[in-house]
Amino acid sequence: MHTQCTGVWNCLVEPLQFSFMRNALAAAILISIVCAVIGAFVVIQDLSFIGDALAHASFPGVVIAFVLHINITIGGALFGIATALGIGYITRRSRVSLDTAIGVLFAGTFAVGILILSRVKSYTQDLFGLLLGDVLAITQRDVLVICVMGLLVIGVIGLLYKELVLMSFDPTAAEVQGLPTGFLHYLLLSLLAVTVVVAIQTVGIVLVVALLVTPAATGFLVVRRFPMLMLWGAVQGTLASVAGIFLSYYLNVASGASIVAVNTLCFLLVLLVVPRGKVAGRLV
């Protein structure tokens, strides 16, 4: 795919001559920022399992969109949002626990995706690439879709930032103040579903939860303010994504796995470097 480069600058510039690398870097940066914003809420509210479930639940939507030759991000987002709302509805309208509701819908929707996929005559690399991610296959049209959906997620969070933060830290106080906590909960799950589907193209269904959780979890060890948690996640996620893409280019390894590996390495380094007594542990 590439030739031997000489010098750090040449190694950084050489891949940029290819459009697929420019698209990959643009998409990865956009996705890292969006995941950092929503990932802060995921870590605070312990929604990591839901994020993983929504990634798998979006699979049938992706398969259906693929069969119908429409944008797979839109198809996955619709199924992801429906599953997120279903999880919220089941937990609020019955005595079924959150974990149980997630397990039921997670397994059921993923099974539907497998059933539909089994009816597809030709199993293409593009469709299977969604399981493990292939950011190098992202096109300019994909970047545009990611940009639009990312701006939608960040815009909604920006408009309802104070309400969502209060609900995340003190849901009882939010109810006392008359905030529609049920609506906010469903809304956050829907935004999480959209973010998950957008991020799937980068690291795949299997590893997508890492983009949401790992940068925010790293920041949780260091920072003490919620906005700084978002900023930390955006910076780490962006740097890790760029580094992972370059590693995949030069080492000829899976791009999604490279991005997740770099993020995990950052978490472990911070965990080892930060003194135990200095770990933030609680945000304000």
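Numbers for the structure displayed
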quantity: Difference of contour (0.36 nm per residue) and Cα-Cα distance, ARG92 to ALA137; calculated: 12.2 nm
quantity: 1.4 Å probe accessible area per residue over the chain, in Å²; calculated: 49 Å²
quantity: Expected 222 nm ellipticity per residue - DSSP helices of 4 or more, -39500 (n - 2.57), all of the chain, to 500; calculated: -26500 deg cm²/dmol
quantity: Calculated FRET efficiency for the pair TYR250/PHE49, C-beta based, R₀ 51 Å, to 0.05; calculated: 0.90
quantity: The chain: DSSP helices with Cα axial extent of at least 24 Å and average Kyte-Doolittle hydropathy no lower than 0.5; calculated: 19-44, 72-93, 98-118, 140-159, 181-220, 226-251, 255-273
quantity: Span from the region 60-90 Cα centroid across to the region 195-249 one, whole angstrom; calculated: 23 Å
quantity: Added length on full extension, which subtracts the Cα-Cα distance from 0.36 nm per residue, CYS11 to LEU115; calculated: 33.0 nm
quantity: Two-site label geometry, HIS69 and ALA173: point separation in nm, points 7 Å out along Cα→Cβ; calculated: 5.5 nm
quantity: Solvent-accessible area, 1.4 Å probe, carbon plus sulfur percent, for the chain; calculated: 69 percent
quantity: Local electrostatic count at LEU85 - Lys and Arg +1, Asp and Glu -1, tallied over other residues with Cβ under 14 Å; calculated: +2
quantity: Loop-located trypsin sites (Lys or Arg not before Pro) in region 1-106 whose Cβ has at most 12 other Cβ within 10 Å (DSSP); calculated: ARG95
quantity: Structure-derived Cα extents along the principal axes in Å - corresponding label in (1) 63, 54, 30; (2) 61, 38, 31; (3) 47, 43, 42; calculated: (1)
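The values are calculated or read from the model by the stated rules, or taken from the named source; none is laboratory data. Source: prediction; values computed, not measured. Glycine also receives a Cβ, built like all others from the backbone with ideal geometry; neighbour counts cover every protein chain displayed. For accessibility, only protein heavy atoms count, side chains too; no ligands or nucleic acids. Shrake-Rupley method; radii C 1.70, N 1.55, O 1.52, S 1.80 Å.
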